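Undergrad: Mind looking over this structure? Questions follow.
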Amino acid sequence: MTHFVSHVSAEEERRVRANDREYNEKFQYASNCIMTSKYNIITFLPVNLFEQFQEVANTYFLFLLILQLIPQISSLSWFTTIVPLALVLSITAVKDATDDYFRHKSDNQVNNRQSQVLIRGSLQNEKWMNVRVGDIIKLENNQFVAADLLLLSSSEPHGLCYIETAELDGETNMKVRQSVSVTSELGDPNNLASFDGEVVCEPPNNKLDRFCGTLYWRDKKYTLTNQNMLLRGCVLRNTEACYGLVIFAGPDTKLMQNSGRTKFKRTSIDRLMNTLVLWIFGFLVCMGVILAVGNAVWEREVGSLFQSYLPWDPPVDNFLFSAFLSFWSYVIILNTVVPISLYVSVEVIRLGHSYFINWDQQMFCSQCNTAAEARTTTLNEELGQVEYIFSDKTGTLTQNIMSFNKCSINGQTYGEVTDPLGPQPKRLDFTPFNPLADPDFCFYDDTLLESVKVGDLHTHEFFRLLSLCHTVMSEEKSEGELVYKAQSPDEGALVTAARNFGFVFRSRTPGTITTIEMGRPVTYTLLAILDFNNIRKRMSVIVRNPEGKIRLYCKGADTVLLERLHPCNHELMNITSDHLNEYAADGLRTLALAYRDLSEDEWEAWSASHRCADKATDCREDRLAAAYEQIEQDMMLLGATAIEDKLQEGVPETIAVLSLANIKIWVLTGDKQETAVNIGYSCKMLTDDMTEVFIISGHTVQSVRQELRSEHVSVLDDVWIEFALIINGHSLAHALEADMETEFVSTACACKAVICCRVTPLQKAQVVELIKKHKKAVTLAIGDGANDVSMIKSAHIGVGISGQEGIQAVLASDYSFSQFRFLQRLLLVHGRWSYLRMCRFLCYFFYKNFAFTMVHFWFGFFCGFSAQTVYDQYFITLYNIVYTSLPVLAMGIFDQDVPDQRSLEYPKLYEPGQLNLLFNKKEFFICIAQGIYTSVVLFFVPYAVLSDATQSNGVPLADYQTFAVTTATALVIVVSVQITLDTGFWTVINHVFVWGSLGSYFTIMFALHSQTLFRIFPNQFHFVGSAQSTLLQPVVWLTIALATAICIVPVLAFRFLKLDLKPQLSDTVRYTQLVRQKKRKPVGRSGRLGARGGSRRSGYAFAHQEGFGELITSGKNMRLSSLALATFASRHSSSWIDTLRRKKHTHAHTPPKHCKTCKICFPFLSLICCLTYFTSTPHFLFLHHIDVFYYNGLVELHLNARSQCFFLLFASQAFFGLPKAQIMLMYL
Amino acid sequence: MGKEKAKSGSLARRPDNSAFKQQRLPAWSPMLTANTVLPFFYFMSLICMLLGVWLLLTVQSTQEIKVDYTHAGECNVCFEIRKNMSNAGESCICTVEFSIEKPFKGDVFFYYGLQNFHQNLRRYMDSRDDAQMVGWKENLKNPSIYCEPFKKDQNGLPIAPCGAVANSIFNDSFTLTYIDSSGTEHKVPLLRRGITWYTDKNVKFRNPKVDNLTLAQVFEGTTKPLYWQKPVYELDPHQATNNGFINDDLIVWMREAAFPNFKKLYGILYRANKPFTKGLPAGNYKIEISYNFPVQYFRGRKQVVLTTLTWFGGQNHFLPIAYLVTSSLILLIAVVLTVVWLKFGKNGKNMEE
């Protein structure tokens, strides 16, 4: 990428001449070879070391090492620093090397892909990396685009071709690209070989949706836009072949330009730690200065007199220079207040926590065979501090599976499960009644089936409507095996319901709909589709049945439909309304159904006006709407349907638990307001207890401001009432403006629930950023789709649901699992523990190092500030990496204050993390104070005792080595006792580590003080015999015992007092657990999780896009192709995958439970498989693949009008196998 | 993660259900409850109290006398002489008198003490070559660089033993005389052996081993430290085996003190003959001091310390007092905690929210 930077500065515009390598080579454009790896074998060591020394900590230790090599300064042997430093550097280097090895592998794989290049008039196979700018390459169906190409011609008419951009922007629907008309005629390779057009365009950039350039050919200019471009990373679909001119290659392609590094996330503890480390450095410098001043004074007053015994070192000529050297000497000695092992230990602990997340069986989803995965190992403790959760709706809260749940027909409601406490109702079996029934369809109320069987006219008409009034397309692979392709899962659910109740929608042509009604094939003539849109909130079809009767069938939101009924429906309308209320209260999506009989004359008249409106050039939309309005009148009510947008398992419970844990949950969805609110109710975010649900849907700045103000006032008025806020995408855009930001945040945060609907992916990220900016709270974003990527990346923690919408969200996320409900375990159990452990670890770590290091400070006052250490240099080297590392690591990895079930039972236990109570500056100072206190005791008690004591054989104990051993032993014992106090959860491992560390201390000490080592290296191991001589003295042990008692007693007393007077909830829970282990009684959890809402809501919950109506009637359909299935893999891929799975199941009898993603059997299966494969490799591998495959920007999911049109066109072509002639007609 | 061995189907990737991986290892979760903490405090207090009393009684049975002779009495003359470096060769002997009121019973230890002498300076402590003193011949002739500037003399001869520590050896010598009630002087016999650590004498300090050579020959080619009057192989004229690096006084000096005020063992009372079989009798004593070691440069002081020992060493009042004080503090804390616990304590139970 550095390569590219130099390019940009040089390149102002790009000139590319087709088929002219000599010409193009002048510009030295980047070749198509990509290199994402950082090192090769030769550069690895220098480059990697250089990178590692860019880390402040490493440089610091290197600096210390250099200081230690200066003999005048060196107060410690060089190995005290180099051993830990080398350890850290080599671990990191190994990690980086493995990482880069995989990058090399993937680079090679990509660079060696084959493509067909037109060289001297013939097509030749070339590796990707040999493709040059200006080459013309041929792409075939399902091939990856090798570089950014200008589309020249394609096998399809009009130079059209279809691409899938999933790798580029995460959208799985297809897009259409069209070549410039002059080049589209070039057809075959021979013509193309003589093509010598020249393209002048903008330099490489990362804007995926923009391209501007000009093609000069045969003295003419043609404007080029993004519509003419095929970008690297796309896959060619449904196009036999196409030719393109390479414009940008390799690192210049938009894909590579977008593969910015993923933002490195740091936890707040990290940041705090860095601040504290800086403070400690400050403290270190202060101590150094104090001691240096001391040294100056001492050298002047005493040292200068002592010179006959110890002259100054040659370079030192006065006490000031001596003080200067002594400053650096003390910096070396005292550097252990921030040992390098701190960073390593923190990483190890986090890694351990990540493994525990990966290993957690309770976060394993057996349906999809996925375990939870911590994809980054650096954020674990932040999981214990989350305050805001931003959740996507579709696929995250819901399964995106619609099921026909209830219906009301002619005033009679069906589908009610009679007794919730009674025996599990039997699922209806439709197969004997209807061979075409969908075996996966679930319905429990047999009265409806009875009603169909006895031939109730209303019921028949009801299902007939459902089987006719829709824009679903069907595919029949083999006889009786129907697959419905629905624009929205709602429609699919309704048509499937009709299918099972004997009204099977079988096939359609532009003019007809063929159904099988109660086993009898019927073909209706389709006269018109009055398509759905968001304003109309309804759709109708007008059909002529075989008997010749014309009837309009309409389904739509009850609010709009009920007011268009014939007055005679009044009574039925009331009953149905009641039913609708009930359904809505259950959180179901409701639709009302109605029909109207039309006479031939009425039809003719309306048809004429419709045609007229259709042909209108101005205000066509409005005119059509008016025409539709005109005929959708005086309808007869048939009934209502209720569809359940199936929530994921355990969603309401999870939300309830999380909100009890004081976590605010915001739902950010691209769905429309009604749907979002509906889900809000069904997952208990919104309840009827809420006094007011504000809806902000203003379109202008003023109106939004006004709405916000009024709410703000009422929120402030009464803090005890619960509010909810629902805001629309366009209002949000205004609310996010700088001047309204604060107002919005304060209002929104006062509300208990916030739902943002119809928001774009960019807005999702903006909302997250807003809270990050204003609240200083930890945010978590959870989502499953490509549209959630931006939000996942910008939140402190991103969680990806490995669900049905592909893998983009997971790739961008920090944690992934397959069920929303696992979030509570991730946060309340793992996050909480991680936070607790990390805090305890840090407290203890700082404590132990201050206790260890500050002893030198006190000793400075007795040794003429000469930077003499108190301990043996081996003890200094090993203290942090051997004697005290493992017990605290064990505590940091395994500690638990309360068992996991308790943290779920008492969500309040989560609060200390949010309030940052366990490790903050205050706690830090307490630790430091305790450490300093300990160091005082550890120095002065042995000093006072030993300075005058003698061994029992009269030899004084006040010699340096005895003192060193006594202090070191006392220190190791005191910190070990302290860790036993801090450890709350003693597993075998803790025991082994604590006792093992103590044991290792004595063993190693005796070994280092042994005669053998001394005989070999007399100058290195001059402590020979000290351990033995010292530790045999009772006075020494009495001293150690006294020091330990003085260090520990106050701590114990404080801990006890705190526990006794101000117990934390966790202490209480722990206590009750301890006292009443047998009869546990859960407390702290509210009885039933929220009451069911009962507000009346209406939801015509169709997809956001218009249906296929126009296309179907216009007959612009194309050939049926199984490939075309891919077009539907947009937002509603789940139902599609389900049907696919079903199909496969019946075919091959493969076990149904299998990784869903693996079932996607169209060519980008390879991509997904490849990615799924990578999920099992270590996380760091991923970072790279995110780089390559994912682009950093924000994905706009909503189709713009133009591409939507192409999309529909293509879809219908794919499904209705009409001859090409007809398509040509359409284009003409 | 999942080892895909026998497991198949939908549970292929299910994590193992081991207690370790599921964080359900059996564990002991101790808690600081009143039942454990309060008794512990009382118990600690009691233990400390008993130890304190015992130590106090033990310490009471020891005796100690310190005589500062820096410029006491006639030593003042010597002190003045030593002020001038040029008089270094000049010997000066002075006598200090003192009396003991109660007899010192049992073994009596004779120390010399120095105050304000910094054996614990970093460069001072480093300025020695243990390899030389363990008898490595290459280091004998070529001492470690750490010995600078006491590595070689002006003539380039290596110094043995090299370094600032050896160079500054304490070279006063003492003769203790008991004057009994009748005025008769008895020379107090002092054992000048066995005053070092066993490991020092037998492991850490060795003379270079050369067969059939005298010590003087072994040390040929080296020179004595700058401030020394005798070479290292002639330190003890009375005892041949006490010469070279294994000289007891040298070894004692080479064991650097941790603090600027220290005492070092000089000798132990030899109790074979009367009147010293039971220790030092009460009465008057005088010490004849060969006053060589100059302390006036660094404002130091010199002492002679006589003391008896118990099982845990010499007279040491700090330890028993510290134990007694600690004991009473713990008791105080324990009482306060008990009161707080009884009066205000929530005891966990009533904190449930």
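The values are calculated or read from the model by the stated rules, or taken from the named source; none is laboratory data. What you see is a predicted model, and the numbers here were worked out from it, not measured in a lab. Backbone-built Cβ (ideal geometry, glycine too); neighbour counts: all protein chains shown.
Undergrad: Quick check on my filter: what residues within the range A:990-1049 are over 29 Å from A:Q930 (Cβ atoms) and either outside the structural domain of A:P942 (by the TED database) or β-branched (V, I, T) (or both)?
TA: Passing the criteria: A:T1012, A:I1016, A:V1024.
Undergrad: Follow-up. Taking A:R536, is it within 23 Å of A:E632 (Cα to Cα), among the basic types (K, R) and outside any helix (DSSP H, G or I)?
TA: Criteria met by A:R536.
Undergrad: Another question, then. Quick check: is even one residue across the range A:574-583 touching a Phe, Trp or Tyr at 6+ places or on another chain (Cβ under 9 Å), crowded, with 18+ Cβ neighbours inside 10 Å and polar (S, T, N, Q)? Spell out how you get there, then give the answer.
TA: Taking the range A:574-583 and keeping what is touching a Phe, Trp or Tyr at 6+ places or on another chain (Cβ under 9 Å), we get none.
Checked the range A:574-583: no residue is touching a Phe, Trp or Tyr at 6+ places or on another chain (Cβ under 9 Å), crowded, with 18+ Cβ neighbours inside 10 Å and polar (S, T, N, Q).
Undergrad: Please specify each residue of the range A:853-869 satisfying the condition of being in contact (Cβ under 8 Å) with a residue 24 or more places away in the chain, touching a Leu at 6+ places or on another chain (Cβ under 9 Å) and facing chain B (nearest Cβ under 10 Å).
TA: Of everything in the range A:853-869, those that are in contact (Cβ under 8 Å) with a residue 24 or more places away in the chain, touching a Leu at 6+ places or on another chain (Cβ under 9 Å) and facing chain B (nearest Cβ under 10 Å) turn out to be A:G864, A:F865, A:S866, A:A867, A:Q868, A:T869.
Undergrad: As an exercise: evaluate B:I251 against (1) among the aliphatic types (A, V, I, L, M); (2) surrounded by 22 or more Cβ atoms within 10 Å (Cβ to Cβ); (3) at pLDDT 90 or above; (4) in contact with a Ser or Thr (Cβ under 9 Å, 6 or more places away or on another chain) and give the number of the one condition it does not meet.
TA: Among (1) among the aliphatic types (A, V, I, L, M); (2) surrounded by 22 or more Cβ atoms within 10 Å (Cβ to Cβ); (3) at pLDDT 90 or above; (4) in contact with a Ser or Thr (Cβ under 9 Å, 6 or more places away or on another chain), the lone unmet condition for B:I251 is (2).
Undergrad: Next question. Kindly indicate whether any position in the range A:1065-1077 is in a helix (DSSP H, G or I), facing chain B (nearest Cβ under 9 Å), at pLDDT 90 or above and under 22 Å from B:L38 (Cβ atoms).
TA: no
Undergrad: Related question: Among the listed residues A:L562, A:L624, A:L591, A:L580, identify the single one that is under 45 Å from the mean Cα position of the chain (by Cα), modelled with pLDDT under 90 and either of a type in the set (D, E) or outside any helix (DSSP H, G or I) (or both).
TA: A:L591
Undergrad: Condition first: surrounded by fewer than 20 Cβ atoms within 10 Å (Cβ to Cβ), farther than 21 Å from B:W228 by Cα and within 14 Å of chain A (Cβ to nearest Cβ). Can you find one or more residues in the range B:146-158 that meet it?
TA: no
Undergrad: Sticking with this structure for a sec: Of all residues being part of a helix (DSSP H, G or I) and farther than 17 Å from B:I251 by Cα in the range B:104-139, which is nearest to the other protein chains (Cβ to nearest Cβ)? Just the residue, please.
TA: Among those that are part of a helix (DSSP H, G or I) and farther than 17 Å from B:I251 by Cα, it is B:R122.
Undergrad: Tell me which residues, restricted to the range A:1002-1018, are surrounded by 17 or more Cβ atoms within 10 Å (Cβ to Cβ) and under 20 Å from A:L76 (Cα atoms).
TA: Of everything in the range A:1002-1018, those that are surrounded by 17 or more Cβ atoms within 10 Å (Cβ to Cβ) and under 20 Å from A:L76 (Cα atoms) turn out to be A:M1005, A:L1008, A:H1009, A:F1014, A:P1018.
Undergrad: I'd like the full set of residues that are facing another protein chain (nearest Cβ under 7 Å) and free of Cβ contacts under 8 Å to residues at least 60 places away in the same chain, limited to the range B:31-62.
TA: B:M31, B:L32
Undergrad: Inspect the range A:738-746 for any residue being hydrophobic (A, V, I, L, M, F, W, C), free of Cβ contacts under 8 Å to residues at least 60 places away in the same chain and part of a strand (DSSP E or B) and give the result as yes or no.
TA: No.
Undergrad: Still on this structure, I have one more. Of the numbered conditions (1) part of a strand (DSSP E or B); (2) at the interface with chain A (Cβ under 9 Å from one of its Cβ atoms), B:K66 satisfies every one except a single condition; which is it?
TA: (2)
Undergrad: What's the total number of residues in the range A:1030-1054 that are in contact (Cβ under 8 Å) with a residue 12 or more places away in the chain, touching a helix residue (DSSP H, G or I) at 6+ places or on another chain (Cβ under 7 Å) and facing chain B (nearest Cβ under 9 Å)?
TA: Residues meeting the conditions: 6.
Undergrad: When you scan the range A:933-942, how many residues do you find that are surrounded by fewer than 21 Cβ atoms within 10 Å (Cβ to Cβ) and over 51 Å from the mean Cα position of the chain (by Cα)?
TA: First, the residues of the range A:933-942 that are surrounded by fewer than 21 Cβ atoms within 10 Å (Cβ to Cβ): A:933, A:936, A:940.
Of the ones still in play, those that are also over 51 Å from the mean Cα position of the chain (by Cα) are A:940.
Qualifying residue count for the region: 1.
Undergrad: Considering only the range A:545-554, state which residues are modelled with pLDDT of 90 or more and under 22 Å from A:E491 (Cβ atoms).
TA: A:R551, A:L552, A:Y553, A:C554
Undergrad: Moving on. Just checking, which of A:R538, A:R499, A:R506 is in contact with a Pro (Cβ under 8 Å, 6 or more places away or on another chain) and either touching a residue at least 60 places away in the same chain (Cβ under 8 Å) or farther than 25 Å from A:I631 by Cα (or both)?
TA: Answer to the check: A:R506.
Undergrad: Can you pull out the residues in the range A:918-954 that are in contact with a helix residue (DSSP H, G or I) (Cβ under 8 Å, 6 or more places away or on another chain), outside any helix (DSSP H, G or I) and within 14 Å of chain B (Cβ to nearest Cβ)?
TA: Passing the criteria: A:D948, A:A949, A:Q951, A:S952.
Residues checked against (1) in contact with a strand residue (DSSP E or B) (Cβ under 6 Å, 6 or more places away or on another chain); (2) facing chain A (nearest Cβ under 8 Å); (3) assigned to a helix (DSSP H, G or I):
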site: B:P260; (1), (2), (3): no, yes, no
site: B:N273; (1), (2), (3): no, no, no
site: B:K286; (1), (2), (3): yes, no, no
site: B:N316; (1), (2), (3): no, yes, no
site: B:T326; (1), (2), (3): no, yes, yes
site: B:L342; (1), (2), (3): no, no, yes
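Undergrad: Filter the range B:302-314 down to the residues that are part of a loop (DSSP other than H, G, I, E, B) and within 16 Å of the chain's Cα centre (by Cα), then identify the one that is farthest from B:C75 (Cα to Cα).
TA: Only one residue fits best here, namely B:F312.
Undergrad: I need the full set of residues from the range A:596-613 which are part of a helix (DSSP H, G or I) and exposed (fewer than 14 other Cβ atoms within 10 Å of the Cβ), in order please.
TA: A:E600, A:D601, A:E604, A:A608, A:R611, A:C612
Undergrad: Kindly indicate whether B:T222 is more than 13 Å from chain A (Cβ to nearest Cβ), over 30 Å from A:T966 (Cα atoms) and surrounded by 14 or more Cβ atoms within 10 Å (Cβ to Cβ).
TA: The answer is yes for B:T222.
Undergrad: Right, another one. Quick one: count up the residues across the range A:333-374 that are out of contact with any Ser or Thr (no Cβ under 6 Å at 6 or more places or on another chain) and outside any helix (DSSP H, G or I).
TA: Qualifying residue count, the range A:333-374: 8.
Undergrad: Is it fair to say A:R266 is away from chain B (no Cβ under 14 Å), closer than 30 Å to A:Q385 by Cα, among the basic types (K, R) and part of a helix (DSSP H, G or I)?
TA: no
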